[in-house]
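Undergrad: Can you read through this structure? Questions will come right after.
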Amino acid sequence: MAVYSGRDSQFMDWHGVVEAVVESGVESVGWGAFDGCKNLTLVTLGEEVKEIDWAAFIRCSKLATVTIERGVTKIGDNAFKGCGNLKEVRVSRTAE
């Protein structure tokens, strides 16, 4: 499992990433953070995430499920472009 720490393009084109979690203290999933992670299937965003930047998950063709705990107030353009397998976005009952 990949643990995202907040850097732009942190996992760009890493094909070994299958599941990802955004660690505590991270408020934004930066641009291109997981761009091209073609085997990524599951993402869990921590409670402190407020923003998903543009193209954060672009070209993650196997991404099927995204869990948003709460607090996300902005999703950038093309954040999930090319995620044709995305079937489920789970939002916590306490999400804003």
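The values are calculated or read from the model by the stated rules, or taken from the named source; none is laboratory data. For clarity, every value in this text was computed on a predicted model and none was experimentally measured. Counting neighbours? That spans all protein chains shown, and the Cβs are built from the backbone with ideal geometry, glycine included.
Undergrad: Answer yes or no: is there a residue in the stretch 43-60 that is over 10 Å from the mean Cα position of the chain (by Cα) and among the polar types (S, T, N, Q).
TA: Checked the stretch 43-60: no residue is over 10 Å from the mean Cα position of the chain (by Cα) and among the polar types (S, T, N, Q).
Undergrad: In this structure, does Ile52 turn out to be modelled with pLDDT of 95 or more, β-branched (Val, Ile, Thr) and within 18 Å of Val91 (Cβ to Cβ)?
TA: Yes, satisfied.
Undergrad: If a residue counts only when it is surrounded by 15 or more Cβ atoms within 10 Å (Cβ to Cβ), which strands (runs of 3 or more DSSP E) contained entirely in the chain have at least 1 such residues?
TA: Of the strands (runs of 3 or more DSSP E) lying wholly inside the chain, those with at least 1 residues that are surrounded by 15 or more Cβ atoms within 10 Å (Cβ to Cβ) span 2-4, 19-22, 42-45, 65-68.
Undergrad: Let me ask you something else. Could you identify the single residue in Lys62, Lys74 that is of a type in the set (Lys, Arg) and within 16 Å of Glu88 (Cα to Cα)? Write out each step before concluding.
TA: Numbers: Lys74 fails: within 16 Å of Glu88 (Cα to Cα).
None of the other options fit; the residue is Lys62.
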